[in-house]
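Trainee: This is the structure I have questions about; it appears just below.
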Amino acid sequence: MDERTKKEIQRRRTFAIISHPDAGKTTLTEKLLLYGGAIQSAGSVKGKQSDRHAVSDWMELEKQRGISVTSSVLQFEYDGFCINILDTPGHQDFSEDTYRTLMAADSAVMVIDAAKGIEPQTRKLFHVCAKRGIPIFTFINKLDHEARDPFDLLDELEREFGIGTYPMNWPISCGVTFKGVYDRRERAIHAFDDAHRGRSRLNAIACDITDTEKLDALIGENLRTELVEQVELLDGASFDFDLDAIAKGKLSPVFFGSALNNFGVEDFLRYFLQLTPTPLPRTTETETVDPFDDRFSAFVFKIQANMNKAHRDRIAFMRICSGKFERGKEYYHMQAGKPIKLAQPQQMMAEEREGIEKAFAGDIIGVFDPGVFSIGDTVCTKDRKITFEGIPTFAPEHFAMVEQIDSMKRKQFAKGMNQIAQEGAIRIFFEPDAGYERVFVGVIGTLQYDVLQFRMKSEYGVEYIKRELPFQFIQRIAAYEGDLARLNLASDTRRVTDVRGKNYLLFTGQWSIKWALDNNPSLVLEDFDHQ
């Protein structure tokens, strides 16, 4: 590999930001972009201060509700680094999108509300990261509000997640008496001033913890006494700083701050870029792929239609795992088994896009998808045919039947359902041989119903009637010796197919599954996610 390409890969940092809803994840994302110069001003995420919306929330529904319902890709430059942020939905109803996005990240930033501590969705997402063994950084947010004792928060992190913590800074009080943070590595105080609201950069005040006079002048005698005691306790009882443990996801560096006020964000970014890894190796079915291998390889982790109404196209998001991508060059699509040119390659800033000529391992690129890609597909050079390990899929937990209202819009209804089905987040099924007359929708969380309804109306001009169904389980038909139409099934079981022609059975309970297996001896069923 030539030296220039190697340097480009070395300066890549690709990470996901995860949290429970309302912990401040999208606000932190915006402030990171602000420091990187990618945006000029950060809007109020919930629209309280202005009508601006979060940059990473590109879908109209997100702007209206003030929540993230789909992951976003944001790339910007900062201090010589090329940073790829994967902003993920916090709401559990969109957890599958988040899980997939985490597969494309080299590290994760976990945002925690200082008053609430670990919440259910944070817990789930952490375990996905831990399973992959990727570095996890913690940003404890909202210190300008009343907060829990910081030692309790650290103890909860260590106890719940079974990892060590190393506070990079330490809060000086919280809420109305919040004075800032003490930087443990620089032995300096970053003073919080609510008036500046992050509009000016903070100058750290070098201050030895033993300089009583200077500390008293900065934060007052009472808070000085408390700070000295806490820092002594930290130095004596906390985990040691260990780069190797951080790299293996066994030790989480912890930062305290207030994303809304920009406080602690730039310090976090500076330290984070020093500690987070360059692009990590990726595992295939046969080998481990080194990012510095000359041969290009990438996998598809997300497909999104109609990100920009002006384009009306579908974008496949690819994580580059090795080598260098070059526009116009022919690569190999493993699942299709044929050469392919990746059309209209672009880098993303939420829904904004910019055409590119090249990209490197660690980058996330979007390419035009004419309907040939699926989640998990591998693209690589023809001289190295590899397949990356599969991306997890999750069985739907809620089912409904939808029927279009205006029969004159049958074509638009079919197109919309087909395109959204191929994105993979919302499952679309049909009765065999019935086409789009009646469509069955399977979702992980019911908020996805609202997303589907909104998108069908806004993107395809179609409205429909939805009727929720009592099905609780879905199984794929792996094998059957006879005619599927003649399966002996209980009256509350339904056979359906998906857009790729796979056959499934929908069941209302375990009893119905047992009936199907007992009365059809050659029938073999598989779990939905066994694909």
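The values are calculated or read from the model by the stated rules, or taken from the named source; none is laboratory data. The shown structure was predicted, so the numbers you read here are calculated from the model rather than taken from an experiment. Virtual Cβ from ideal backbone geometry, glycine too; neighbours counted across all protein chains shown. Each accessible area value is taken on the protein alone, full model and side chains, heavy atoms only, with ligands, DNA and RNA left out. Shrake-Rupley method; radii C 1.70, N 1.55, O 1.52, S 1.80 Å.
Trainee: So which residues in region 421-451 are closer than 22 Å to residue 494 by Cα and among the aliphatic types (A, V, I, L, M), if there are any at all?
Mentor: The answer is 421, 425, 426, 428, 434, 439, 441, 443, 444.
Trainee: Here's a follow-up. Do any residues in region 138-158 that are more than 13 Å from residue 257 (Cα to Cα) and open to solvent by less than 60 Å² (accessible area, probe 1.4 Å) have Cβ atoms under 9 Å from those of residues that are of a type in the set (Phe, Trp, Tyr) and part of a loop (DSSP other than H, G, I, E, B), where the two are at least six apart or on different chains, and which pairs are they?
Mentor: Once the first residue is more than 13 Å from residue 257 (Cα to Cα) and open to solvent by less than 60 Å² (accessible area, probe 1.4 Å) and sits in region 138-158, its partners that are of a type in the set (Phe, Trp, Tyr) and part of a loop (DSSP other than H, G, I, E, B) give 158/239.
Trainee: Checking residue 247 against (1) within 19 Å of residue 147 (Cα to Cα); (2) under 32 Å from the mean Cα position of the chain (by Cα); (3) open to solvent by less than 70 Å² (accessible area, probe 1.4 Å): exactly one of these is not met. Which one?
Mentor: Tallying (1) within 19 Å of residue 147 (Cα to Cα); (2) under 32 Å from the mean Cα position of the chain (by Cα); (3) open to solvent by less than 70 Å² (accessible area, probe 1.4 Å), residue 247 fails exactly one: (1).
Trainee: Quickly run through region 463-477 and pick out the residues that are assigned to a loop (DSSP other than H, G, I, E, B) and either within 27 Å of the chain's Cα centre (by Cα) or under 19 Å from residue 415 (Cα atoms) (or both).
Mentor: 463, 472
Trainee: Within region 115-127, work out how many residues are over 24 Å from residue 245 (Cβ atoms) and either hydroxyl-bearing (Ser, Thr, Tyr) or surrounded by 18 or more Cβ atoms within 10 Å (Cβ to Cβ) (or both). First the steps, then the outcome.
Mentor: So in region 115-127, the residues over 24 Å from residue 245 (Cβ atoms) come out as 115-116, 119-121.
Retained after the next criterion (residues that are either hydroxyl-bearing (Ser, Thr, Tyr) or surrounded by 18 or more Cβ atoms within 10 Å (Cβ to Cβ) (or both)): 121.
The number of residues fulfilling the criteria is 1.
Trainee: Of all residues in region 257-279, which are over 25 Å from residue 4 (Cα atoms) and open to solvent by 70 Å² or more (accessible area, probe 1.4 Å)?
Mentor: 260
Trainee: Among the residues of region 347-388, how many are closer than 27 Å to residue 500 by Cα and in contact with a Gly (Cβ under 7 Å, 6 or more places away or on another chain)?
Mentor: Of the residues in region 347-388, the ones closer than 27 Å to residue 500 by Cα are 364-382, 385-388.
From the residues that got through so far, the ones that are in contact with a Gly (Cβ under 7 Å, 6 or more places away or on another chain) too are 375-376.
Count: 2.
Trainee: Looking only at residues in region 195-244 that are at pLDDT below 90 and among the hydroxyl-bearing types (Ser, Thr, Tyr), which one is least open to solvent (accessible area, probe 1.4 Å)?
Mentor: 238
Trainee: Pairs please, first residue from region 216-233 and free of Cβ contacts under 8 Å to residues at least 40 places away in the same chain, second anywhere and among the acidic types (Asp, Glu), Cβ atoms under 7 Å, 6+ apart in sequence or on different chains.
Mentor: 224/216
Trainee: Looking at region 250-273, is at least one residue without any contact (Cβ under 8 Å) to a residue 40 or more places away in the chain and under 24 Å from residue 154 (Cα atoms)? Give the steps one after another, and end with the answer.
Mentor: Narrowing region 250-273 to residues without any contact (Cβ under 8 Å) to a residue 40 or more places away in the chain: none.
There is no residue in region 250-273 that is without any contact (Cβ under 8 Å) to a residue 40 or more places away in the chain and under 24 Å from residue 154 (Cα atoms).
Trainee: Based on what the data block shows, is residue 436 of a type in the set (Phe, Trp, Tyr) and modelled with pLDDT under 90? Break it down into steps so the answer makes sense when it comes.
Mentor: Numbers: of a type in the set (Phe, Trp, Tyr): yes; modelled with pLDDT under 90: yes.
Yes: the conditions hold for residue 436.
Trainee: Another one. Given the conditions (1) touching a strand residue (DSSP E or B) at 6+ places or on another chain (Cβ under 7 Å); (2) open to solvent by 10 Å² or more (accessible area, probe 1.4 Å); (3) farther than 20 Å from residue 424 by Cα, which single one is not true for residue 376?
Mentor: (3)
Trainee: Given the criteria closer than 30 Å to residue 21 by Cβ, in contact (Cβ under 8 Å) with a residue 40 or more places away in the chain and either of a type in the set (Val, Ile, Thr) or open to solvent by 40 Å² or more (accessible area, probe 1.4 Å) (or both), does residue 528 qualify?
Mentor: Numbers: closer than 30 Å to residue 21 by Cβ: yes; in contact (Cβ under 8 Å) with a residue 40 or more places away in the chain: yes; either of a type in the set (Val, Ile, Thr) or open to solvent by 40 Å² or more (accessible area, probe 1.4 Å) (or both): no.
Against the criterion (closer than 30 Å to residue 21 by Cβ, in contact (Cβ under 8 Å) with a residue 40 or more places away in the chain and either of a type in the set (Val, Ile, Thr) or open to solvent by 40 Å² or more (accessible area, probe 1.4 Å) (or both)), residue 528 does not qualify.
Trainee: Another question, then. Restricting the search to region 322-341, which residues are open to solvent by less than 40 Å² (accessible area, probe 1.4 Å) and closer than 23 Å to residue 102 by Cα?
Mentor: Scanning region 322-341 gives 322, 323, 325, 333.
Trainee: Find the strands (runs of 3 or more DSSP E) located wholly in region 394-462 whose residues include 3 or more that are open to solvent by less than 10 Å² (accessible area, probe 1.4 Å), and list them. Quick ask: steps written out before the conclusion?
Mentor: Values: elements: 398-404, 427-430, 439-443.
Per the criteria, 398-404, 439-443.
Trainee: Please pick out the residue among 319, 282, 295 that is under 19 Å from residue 16 (Cα atoms), modelled with pLDDT of 90 or more and open to solvent by 10 Å² or more (accessible area, probe 1.4 Å). Write out each step before concluding.
Mentor: On the way: 319 fails: open to solvent by 10 Å² or more (accessible area, probe 1.4 Å); 295 fails: under 19 Å from residue 16 (Cα atoms).
From the options 319, 282, 295, the qualifying one is 282.
Trainee: So, in region 478-516, of the ones that are open to solvent by 20 Å² or more (accessible area, probe 1.4 Å) and part of a strand (DSSP E or B), which residue ends up farthest from residue 424 (Cα to Cα)?
Mentor: Filtering first and then ranking leaves 479.
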